[in-house]
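The numbers here are math on the coordinates, done by the rules we state, and not lab data. Keep in mind that what you see is a predicted model, and the values were worked out from it rather than measured. In this analysis, Cβ positions are derived from the backbone assuming ideal geometry, glycine residues included, and neighbour counts consider all displayed protein chains.
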Amino acid sequence: MILWFSGTGNCLSVAQQLADKTGDRLMSFYDAVNADLTQENVIGMVYPTYYFNPPKAVLTLAKQLTLPKDAYVYIVIPCGAQTGNAVWAVRQILKKKGINVAYCHKVRVPDCSAIGFGRNPNSQVWKFERFRGRVEKIAADINARRRASHYGNWGLAGWLCALPAVEKRTLPALQPAVNDGKCTGCGTCARVCPQENISMLHAAKDGQQTAVIGDSCVQCLACVHFCPHQAVEIARKATLRQHQYHNPAVRLKDMLRR
Ligand SMILES: Cc1cc2nc3c(=O)[nH]c(=O)nc-3n(C[C@H](O)[C@H](O)[C@H](O)COP(=O)(O)O)c2cc1C
């Protein structure tokens, strides 16, 4: 079983390619928490690097998973450039459960981080060409049950970004927010949010539906990138169509886990 977490579809696309080449099935991390995985021989995990760490949702969900102790477990980690502690942190959680991660590999993909918001991630699709063959190699390694770690490091950056004082200063400024003037109440953001953290409420003044982002945002930015009206913004910077990106092989409906 391949467990995935994804904001723009980059991780989902890598997970889908691995599933095709290994003959395995896909399940979102959220659904995996309630699934019986104890009979699985192979467990793959595909999740992104966020601020040199795993997404907070992945950390929380990984702690809740019940996994077989003797399975071949691997992590494939898409990132813009450097993974920092993104593999290490999940590895530690699994180690406490008595589970050894046999294989890890990073894959470079277009970087959609909130820090660089306003750059055009579509201009980085050259990475798909440059790293063509990477996923095939990883799938071949997995099929051969190889044991190896290829994910680089930058652990110090991971530690720094995870310091509560740093998070408190930086994360709120990078939080997505809905521009009520642009929101049409279509609900796409609410459907695509993996955390189910967006509600559609009726505005008091005209009764029209508008999206409201709650407190459990993990900054995957799916709402920013999939909004058909560019109504979800970061740091009050207007979202333009060219700022929006999603993996070309992934459609909105693929991203909806339920
Ligand atoms: C909030 C955020 C933080 C990120 N931080 C990093 C990082 O520290 N290092 C890196 O190489 N890429 C980073 N990225 C780039 C992502 O790894 C990249 O955009 C990837 O496509 C995300 O996969 P997903 O869209 O399937 O969730 C970050 C992206 C986001 C949204």
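The table below lists the values:
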quantity: Span per principal axis, largest first, for the Cα atoms of region 170-255 (Å); calculated: 40, 31, 24
quantity: Length-normalised contact order for region 2-164 - Cα pairs under 8 Å, 6+ apart - percent; calculated: 24 percent
quantity: Built amide H within the under 5 Å cut-off of residue 2, gap 5+; calculated: 25, 26, 27, 44
quantity: Over 28 Å (Cα to Cα) - which of 56/237; 63/106; 127/182; 69/137; 168/253 fall in this group; calculated: 127/182; 168/253
quantity: Gyration tensor (alpha-carbon) shape descriptor, region 92-147, a/c threshold 1.5; calculated: oblate
quantity: Over the chain: helical MRE at 222 nm, DSSP H runs n ≥ 4 each giving -39500 (n - 2.57), nearest 500; calculated: -8000 deg cm²/dmol
quantity: Cysteines having no other Cys beta carbon under 4.7 Å from their own, within the chain; calculated: 11, 79, 104, 112, 161, 183, 186, 193, 217, 220, 227
quantity: The chain - convex hull of the alpha-carbon atoms, volume per residue in Å³; calculated: 123 Å³
quantity: D (Stokes-Einstein, µm²/s), Kirkwood Cα radius, region 1-125, 0.692 mPa s at 37 °C; calculated: 224 µm²/s
quantity: The chain: most fluctuating residue of 49, 170, 66 per GNM, C-alpha cutoff 10 Å; calculated: 170
quantity: 3J(HN,Hα) from dihedral phi, region 146-151, Karplus parametrisation 6.51/-1.76/1.60, rounded to Hz, x for glycine, proline; calculated: 5, 10, 6, 10, 10, 9
